Structure formats: structure tokens, C-alpha cells
Amino acid sequence: MKKKILVVARGNAVAGAERVTLDVLSGLKDKYDVFCIYNGWNDGVFEKALKNMNIKSAPIKLGWFYITQIWWTLDTLINLPKALWSIRKIIKKFQPDIIYTSNDRFIYAASFLLNKIPVFFHVHDSYQYNKRGKMVLKKIDADVTKYIAVSNFIKEDLGVCGIDKSKVEVIHNGIRLTEEIDENQKGEFLTLGIVGQVIPRKGHEDLINALAILKEKKYHFKCKIIGKGDEEYISFIKNQIKQYNLQDDIVWEGYKDTLAEIYKDLNVVLVPTRNEEAFPLVPIEANSFRKPVIVSNKRGFLDFTINNENGFIVEPNAPKQIANAIEQFFINPQLLQSMGDKGRLKVETKFNKGIMIKSCIDLFENI
């Protein structure tokens, strides 16, 4: 008889943590009897993916309390009794052997319903800088059997928050490898790209300053800004671009649906983030397409990027270092291919979806 796993997702849209949950679900569904609870406030994408995988599921509106968002808090309070009643019914009827979740609010709110069922909490975010998050972590620790940390940084972060490190297992997120890989050759221009939210902590300002340095040196490049973000910050970046007369060198691509669309025309991907990242998803995606990366010397990125191997590591808030790193690809274009090849191999051997799923299943089986 198959073991039963109750999977509890988070988020109202399919972003990083939700994509990982879907990937894990795709590996669990053939080995276990799976039921998935997902966010009742959603855009329909996660729900559609569950239906395509023929996974039994139910939406539940289990929200949170926000000081600055009174209507969200009221919505949470209105739906809380029904949410807890629905969770109770699902657990009683399904009788899971294991609960796997990336949703801390589920463990917090439904603690009294868990009945000593082993709980595996997949941690995608840092807690040490979040006062309320640390409080939640302390409250749920007794109910968590094992923490799955997406990076060594997150394991360290949990330790700083008082979590026993023997309860923490590092399982790096894995991505779906592409079948077709384009060659990474420099044409008339070096095509650079920065991917993700356009917000101050992502370092767009530092990149623009670096490009201004390269333009002064008469290098020819195109830089694509891919993603959406804060309108006020976008306006600031556009003014900065105009100030340096970079309008003809930078292309605003906006949001793109698929990884192939994002990475296919790029030579080098830049991730000049100013803060730690729980997991370096963009560098891994880029390397899977054989694109070298330039990343900040921040925890999270160091789990994946090795300086001078699959990319370059620069200090945060350091436009001159970013410019110097980009310049290496002009001086030695062969780096595009050699670093790209090493990056692809690293993804294949350590950061692919199959390895992640197997590691999670092994953890569930050994409890």
C-alpha cells in the first residue's frame, strides 16, 4: 500500500517556491498517494498544473495578518474558521503519513490538527532578519520533523534563529534541463542580460553604472532588462540610462513566460544583487543554457557559482568590478563557451530536478 503524503503549497501565483513544489509533486505522484492543498487566493496557474498532473487537491484560504493591509487581515479572519475546518476534514479523511510543505503559516495555524504526523518544512526564505518570521519559526519548531534548506546559507540562517542543525537537511533546488542548447558565441555585440524583479536590491543601478564605464571604453554591447518591478524604481533607472546616454544600448524586455525566451539570445547573465539570496535560481537557469554569470559575493550565490569557473563573483555595490568582469568576455571571447560548458555540467550533475526529487524522497523514506 502506498504511503500518503499531504502537500501544502503556498503563494497565490507560480513563482520560485511554487515551481519547486510542482516539481516535487511530479516526482511524488507515482510513488505515493498524494493530496495537495493550495492557496485559495490564486491566479489559476497552480490549480491548472495540478489538474494536468491528475493530483487530488483542494483550495483553502489560509491567510495571514498584516498591520498595513487591513483588508487582507479582515479577509484572513473571515476565512480562518472555514480554512481550519477544511484542513481538519482533509487530514481526517486522507490520513496522511507525511506532510510536506513550504508554507509556515499552515504549520503555525494548523498545529493542533497535525496529530504528530511527520512534517517536512521546505524553507525557501531567510528568517534571521525578520522579527515576525523568527517568532513563527520558534512556534512551529516543535511540529517540524525535518527542515529542507534550499542552500547552505538557509541552513546557517536557521541555526542563527535557534533551530537545531541536526534537524536541517540541505537539498538544493533543481531545475528542468533544456533539451536543445544554443551555442554561446559573441557576434557584433556582446549581449548582456539582467533577469528578475526590477527593484533596488537587485542591483540594476550598479549594472547601469558599470555599463557607463564600458561605454566610455568604446565597447559595443546590448543589455536586456528582463522582468517587471517597482514603477518608481523603473523610472529612476530609465533616468539613469538617459543620463549616461545608454538608450541605444539597453532594451527593456519586460516579463517573459518561458526560460527559453529569457535566455536564448543572451551571452552573459548578470545578478548584481545587493543582499543574500536564499537560492541562486537565475545563475543556475542561465548556466543550464550555457550562459556564464556574474554574481554578487553574497551567501546563497556561493553554493553554486565558482569564480573563474562558471562565472565571475564581484562585490555588491561595485560597478567597477562588474565592468571589469564583463570586460573579460571582450578580451577573451572563448570564456563564453568554456564557462558556459562548465556551468551546464554543474547543473546536470548537482542542480537538476531529478536529483532534487530523489533527495526529497530519500529523506521521506528514512524518517
Answer residue from the stretch 324-334, given it is buried (at least 20 other Cβ atoms within 10 Å of the Cβ) and out of contact with any Lys or Arg (no Cβ under 9 Å at 6 or more places or on another chain) and is nearest to Gly300 (Cα to Cα) among those: Ala325
Scope the stretch 209-237; condition crowded, with 18+ Cβ neighbours inside 10 Å and assigned to a loop (DSSP other than H, G, I, E, B); matching residues: Gly227
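Yes or no, residue by residue, for (1) more than 20 Å from Leu363 (Cα to Cα); (2) touching a Phe, Trp or Tyr at 6+ places or on another chain (Cβ under 9 Å); (3) among the acidic types (Asp, Glu):
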{"residue": "Lys92", "(1), (2), (3)": "yes, no, no"}
{"residue": "Asp97", "(1), (2), (3)": "no, yes, yes"}
{"residue": "Ile148", "(1), (2), (3)": "no, yes, no"}
{"residue": "Asn152", "(1), (2), (3)": "no, no, no"}
{"residue": "Gly174", "(1), (2), (3)": "no, yes, no"}
{"residue": "Thr178", "(1), (2), (3)": "yes, yes, no"}
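Is at least one residue of the stretch 44-51 under 21 Å from Val136 (Cα atoms), at pLDDT below 95, part of a loop (DSSP other than H, G, I, E, B) and not acidic (Asp, Glu)? Reasoning before the result, please.
Step one: list which residues in the stretch 44-51 are under 21 Å from Val136 (Cα atoms), which gives none.
Within the stretch 44-51 (the criterion being under 21 Å from Val136 (Cα atoms), at pLDDT below 95, part of a loop (DSSP other than H, G, I, E, B) and not acidic (Asp, Glu)), the answer is no, since none of the residues qualifies.
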Selected residue (only one of Ala278, Ala260, Ala323 is over 26 Å from Lys215 (Cβ atoms) and touching a helix residue (DSSP H, G or I) at 6+ places or on another chain (Cβ under 6 Å)): Ala278
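What residue, of Lys4, Lys29, Lys61, Lys82, is of a type in the set (Lys, Arg) and touching a strand residue (DSSP E or B) at 6+ places or on another chain (Cβ under 6 Å)?
One residue alone meets the criteria, Lys4.
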Lone qualifier among Lys358, Lys350, Lys346, Lys320 - being touching a residue at least 24 places away in the same chain (Cβ under 8 Å), surrounded by 18 or more Cβ atoms within 10 Å (Cβ to Cβ) and among the charged types (D, E, K, R): Lys346
Among residues of the stretch 320-367, those that are under 17 Å from Asn310 (Cα atoms) and within 22 Å of the chain's Cα centre (by Cα), counted: 12
Residue under evaluation Ser126, criteria (1) in a loop (DSSP other than H, G, I, E, B); (2) farther than 28 Å from Thr305 by Cβ; (3) in contact (Cβ under 8 Å) with a residue 60 or more places away in the chain, criterion not met: (2)
Among (1) touching a helix residue (DSSP H, G or I) at 6+ places or on another chain (Cβ under 8 Å); (2) under 25 Å from Asp141 (Cβ atoms); (3) of a type in the set (S, T, N, Q), the one test that Ser57 misses: (2)
Residues (within 19 Å of the chain's Cα centre (by Cα), crowded, with 17+ Cβ neighbours inside 10 Å and β-branched (Val, Ile, Thr)) located in the stretch 18-55: Val20, Thr21, Val24
Asp303 vs. criteria touching a Pro at 6+ places or on another chain (Cβ under 8 Å) and modelled with pLDDT under 95: yes
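For residues in the stretch 243-263 being in a loop (DSSP other than H, G, I, E, B) and under 20 Å from the mean Cα position of the chain (by Cα), which is surrounded by the fewest Cβ atoms within 10 Å (Cβ to Cβ)?
We begin by selecting, within the stretch 243-263, every residue in a loop (DSSP other than H, G, I, E, B); these are 244-249, 255-258.
Pick out the ones that are also under 20 Å from the mean Cα position of the chain (by Cα) and you get 255-258.
Numbers: Tyr255: 10, Lys256: 15, Asp257: 7, Thr258: 9.
Only one residue tops the list, namely Asp257.
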Matching residues in the stretch 59-104 - criterion: being acidic (Asp, Glu) and within 16 Å of Asn39 (Cα to Cα): Asp75, Asp104
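Check the stretch 287-295 and report whether any residue there is surrounded by 17 or more Cβ atoms within 10 Å (Cβ to Cβ), without any contact (Cβ under 8 Å) to a residue 40 or more places away in the chain, in contact with a Leu (Cβ under 9 Å, 6 or more places away or on another chain) and among the hydrophobic types (A, V, I, L, M, F, W, C).
yes
Every residue in the stretch 162-194 that is of a type in the set (A, V, I, L, M, F, W, C) and at pLDDT 95 or above, please.
We begin by selecting, within the stretch 162-194, every residue of a type in the set (A, V, I, L, M, F, W, C); these are 163, 168, 170-171, 175, 177, 181, 189-190, 192, 194.
Within the stretch 162-194, Ile163, Val168, Val170, Ile171, Leu190, Leu192, Ile194 qualify.
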Close pairs from the stretch 74-98: first assigned by TED's automatic domain parsing to the domain that holds Phe35, partner of a type in the set (Phe, Trp, Tyr) and in a helix (DSSP H, G or I), Cβ under 8 Å, at least 6 apart: Ile87/Phe106; Ile98/Phe364
Val269 being within 25 Å of Gln128 (Cα to Cα), in the same structural domain as Thr305 (by TED's automatic domain parsing), in contact with a Gly (Cβ under 6 Å, 6 or more places away or on another chain) and of a type in the set (Val, Ile, Thr): no
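The values are calculated or read from the model by the stated rules, or taken from the named source; none is laboratory data. Because the structure is a prediction, the values reported are computed rather than measured. Neighbour counts run over all protein chains shown; Cβ positions are idealised from the backbone, glycine included.
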